[in-house]
Amino acid sequence: MTLAERAIYALIVFIISIGVILALVSPGFLENYYLAEDGILEWLTVSILLFCAGLCFRRFYCLKPFRSTPFLLSLIFIGLAFIFCAGEELSWGQRIFSIETPDWLKENNQQHEINLHNLVIGDISINKVIFGKILSISLAFYLFVLPFLSNRFSRLNHIVEGLALPLPTRTQALAFLPALILPDLLISSGESDELREICGCLMIVILFCFPKNGHIYSLN
């Protein structure tokens, strides 16, 4: 484990610890600034997502002469997905630019904002179904099942690496669990999602910067 990777783990512990301390000594600051919409953690989360997007685009630029088209297109797609997530996190700049929410979104969005993840269609919450259950299942498969299968089947590993997908080490896969679970267990707040999101994003930085198959991003 590199020093930089250890530093990010330490940062995750620090961010959670600050949240716990604020919950005990200053709940108002916790709710109104630390975990609030457009607060400290939300802007940090957006910055991390944009960093991940920039990392993908930089790898695309550097590896363009040496990698296959599927590899390069996958990097572009992943980078755009990070930008999409950053836009959703900020409700596409709605509060920054004082944009009024269209009437249809007001009626079908839980927070009455310009984003997709808070949509409610009929009795179905997009946030709970897609960004909750489906994302959780997909993440569990990616962290624990895919690395195991890639080790067992060389053809699958070839596909994974051909699509520029970083595979987690065992430590990284296991570290995702406390990073995503502890915020809700330690802090009683309706906005604890913000804490979980930034911890999850920092784990993604670790995964993308220090993957088990990091050789796929090497010029050598």
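Determine, yes or no, whether Phe29 is over 22 Å from Gly200 (Cβ atoms), assigned to a helix (DSSP H, G or I) and at pLDDT below 95. Considered against the rule, which asks whether it is over 22 Å from Gly200 (Cβ atoms), assigned to a helix (DSSP H, G or I) and at pLDDT below 95, Phe29 comes out as yes.
Okay, residues lined up against (1) modelled with pLDDT under 85; (2) over 17 Å from the mean Cα position of the chain (by Cα):
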| position | (1), (2) |
| --- | --- |
| Ile130 | yes, no |
| Ile134 | yes, no |
| Tyr142 | no, no |
| Arg152 | no, yes |
| Asn157 | no, yes |
| Val160 | no, yes |
| Leu165 | no, no |
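In region 64-80, the residues that are closer than 18 Å to Ser218 by Cβ reach residues that are basic (Lys, Arg) with C-beta atoms within less than 8 angstrom, at least six apart or across chains, in these pairs: Leu72/Lys64; Leu75/Arg59.
The rows are residues; the columns are (1) modelled with pLDDT under 95; (2) in a helix (DSSP H, G or I); (3) in contact with a helix residue (DSSP H, G or I) (Cβ under 9 Å, 6 or more places away or on another chain).
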| site | (1), (2), (3) |
| --- | --- |
| Pro70 | no, yes, yes |
| Leu75 | no, yes, yes |
| Ile78 | no, yes, yes |
| Cys85 | yes, yes, yes |
| Trp92 | yes, yes, no |
| Thr101 | yes, no, yes |
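When the helices (runs of 4 or more DSSP H) confined to region 105-220 are screened for residues that are out of contact with any strand residue (DSSP E or B) (no Cβ under 6 Å at 6 or more places or on another chain), free of Cβ contacts under 8 Å to residues at least 24 places away in the same chain and surrounded by fewer than 18 Cβ atoms within 10 Å (Cβ to Cβ), those reaching at least 3 such residues are found at 135-140, 146-152, 154-162, 170-186. Look at (1) at pLDDT 95 or above; (2) closer than 21 Å to Lys212 by Cβ and you find that Thr2 fails only one, number (1).
The values are calculated or read from the model by the stated rules, or taken from the named source; none is laboratory data. Small disclaimer: the values here were computed from a predicted structure and weren't measured. All Cβ positions, glycine included, derive from the backbone under ideal geometry; neighbour counts span all protein chains shown.
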